[in-house]
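Novice: What follows is a single structure, and I will ask about it in a moment.
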Amino acid sequence: MLQTPAILFCDIDGLVPVRGKMAPGFDDFIAALEHAAIPNVWVTTRTRLQIDDPRRRLGHSHPFIAEGGCGVYLPEGYFHLRPPKTLRLGRFTCLPIAEPQPAAAEALGELSEETGASVVPLRSLSPRELAQNSGLPAAQAELMRQPDFDEIFFFAGAAEEEVKRFMTETAARSWELRPRGVLWSLALGANLKQCVREVSKLYARALRSQPKIIGISRADGASELLSACDRGFVLVDGATESSDSERERLPARFREIELDSTDVWERIIGAVSVKS
């Protein structure tokens with residue numbers, strides 16, 4: 001592995017959406033990172049199967065973190081030394097942070113029974129129902145209901161009190177209950193910060209040095225990822241750029257950049273490539 005000044009962690013959910021257009025210039029940015037030999041670890045709430053197509057289209061060959069911090073996926077042979085605790089999932093060696101399925105599926109059933117909140121797991125739906133409830137094309141919806149860790153579901157006619165009781169019980173057990181639009185996900189042990197730490201340690205061991213850990217995220221999902229990084233970039237839409245008072249609260253190690261500026265990706269490449 002070539003020496004590099006930084007490891008880049010990029011939250012791609014707002015940059016390469018499941019539906020809609022990719023952020024302008026992001027494909028060239030990926031190519032420029034490859035040319036500069038800067039590893040680019042993707043971070044997503046999507047499943048391993050959902051992220052397969054964009055990885056192929058953009059030629060992404062580095063590790064990625066999927067299902068919102070449930071696991072780190074390593075391409076075959078990427079690191080010479082394999083971590084001690086891994087799973088083989090598809091074509092990848094996975095560092096599991098959360099408990100693999102069926103742990104979350106069983107936990108969802110247990111919570112539903114104990115709290116009285118009626119839930120419907122996505123895996124139980126027909127293809128047509130799945131597409132309707134997820135709002136995704138049939139092929140993408142099918143990939144969404146095959147997670148390695150998460151259990152994706154929705155509440156079905158549950159009273160507000162039952163939902164609150166469900167959320168309280170989940171928090172009491174330190175399980176992760178996270179909104180996914182109109183859906184919810186349940187995971188046991190998901191931790192994005194730990195994912196970033198674990199893969200960063202692998203890079204440090206392989207490089208025999210400690211490169212900078214830099215994060216990139218859209219403003220609406222920046223806090224969790226960037227809090228695990230040494231430095232970071234918050235991508236904002238020009239129309240919703242934060243006020244001066246809001247910008248003052250942004251830690252000095254994070255920089256806000258307008259996503260629609262013509263040189264956004266060049267500025268990030270320039271900053272990331274600096275070795276100091």
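Novice: Looking at (1) out of contact with any Ser or Thr (no Cβ under 6 Å at 6 or more places or on another chain); (2) assigned to a strand (DSSP E or B), which is the one condition that is false for H62?
Specialist: Only one criterion is unmet by H62, namely (2).
Novice: Within the range 134-145, track down each residue that is free of Cβ contacts under 8 Å to residues at least 60 places away in the same chain and buried (at least 18 other Cβ atoms within 10 Å of the Cβ).
Specialist: S134, A141, R145
Novice: Could you list all residues from the range 88-99 that are farther than 16 Å from I51 by Cβ and out of contact with any Gly (no Cβ under 8 Å at 6 or more places or on another chain)?
Specialist: Matches in the range 88-99: R88 only.
Novice: Can you work out which of the residues in the range 146-181 that are modelled with pLDDT under 90 and under 20 Å from E224 (Cβ atoms) is surrounded by the fewest Cβ atoms within 10 Å (Cβ to Cβ)?
Specialist: G181
Novice: Taking only pairs six or more apart or across chains, which ones have beta-carbon atoms under 9 Å, a first residue in the range 161-174 that is at negative phi, and a second residue that is charged (D, E, K, R) and assigned to a helix (DSSP H, G or I)?
Specialist: Within 9 Å, the pairs are R165/E114; F166/E114; E169/E114.
Novice: Taking the range 199-223, which residues are more than 15 Å from P39 (Cα to Cα) and surrounded by 15 or more Cβ atoms within 10 Å (Cβ to Cβ)?
Specialist: S217, R218, A219, G221, A222
Novice: Take the residues of the range 209-237 that are among the basic types (K, R) and farther than 19 Å from G68 by Cβ: which is nearest to the chain's Cα centre (by Cα)? Let's see the steps before the verdict.
Specialist: Narrowing the range 209-237 to residues among the basic types (K, R): 212, 218, 231.
Right, trim to farther than 19 Å from G68 by Cβ and you get 212, 231.
Details: K212: 20, R231: 18 Å.
Here the residue is R231.
Novice: Pairs, please: C-beta under 6 Å, at least 6 apart or cross-chain, first residue closer than 24 Å to E151 by Cα and without any contact (Cβ under 8 Å) to a residue 40 or more places away in the chain and in the range 22-51, second in a loop (DSSP other than H, G, I, E, B) and of a type in the set (D, E)?
Specialist: T44/D13
Novice: Quick check on my filter: what residues within the range 45-93 are polar (S, T, N, Q) and under 10 Å from the mean Cα position of the chain (by Cα)?
Specialist: T45, T47
Novice: Checking the structure you have, find out if any residue of the range 116-132 is under 17 Å from A190 (Cα atoms) and surrounded by fewer than 21 Cβ atoms within 10 Å (Cβ to Cβ).
Specialist: Checked the range 116-132: no residue is under 17 Å from A190 (Cα atoms) and surrounded by fewer than 21 Cβ atoms within 10 Å (Cβ to Cβ).
Novice: Show the residue pairs meeting these rules: Cβ distance below 9 Å; 6+ apart or different chains; first residue within the range 75-94 and farther than 18 Å from N40 by Cα; second residue modelled with pLDDT of 95 or more and of a type in the set (G, A, S).
Specialist: Within 9 Å, the pairs are L87/G71; L89/G71.
Novice: To continue, here is another question. Is it the case that the range 31-42 has a residue that's buried (at least 22 other Cβ atoms within 10 Å of the Cβ), under 20 Å from R197 (Cβ atoms), touching a strand residue (DSSP E or B) at 6+ places or on another chain (Cβ under 6 Å) and of a type in the set (A, V, I, L, M)?
Specialist: Yes, the range 31-42 contains a residue that is buried (at least 22 other Cβ atoms within 10 Å of the Cβ), under 20 Å from R197 (Cβ atoms), touching a strand residue (DSSP E or B) at 6+ places or on another chain (Cβ under 6 Å) and of a type in the set (A, V, I, L, M).
The values are calculated or read from the model by the stated rules, or taken from the named source; none is laboratory data. Note that the structure is predicted; figures quoted are calculated from it, not measured. Positions of Cβ are backbone-derived with ideal geometry, glycine not excepted, and every protein chain shown enters the neighbour counts.
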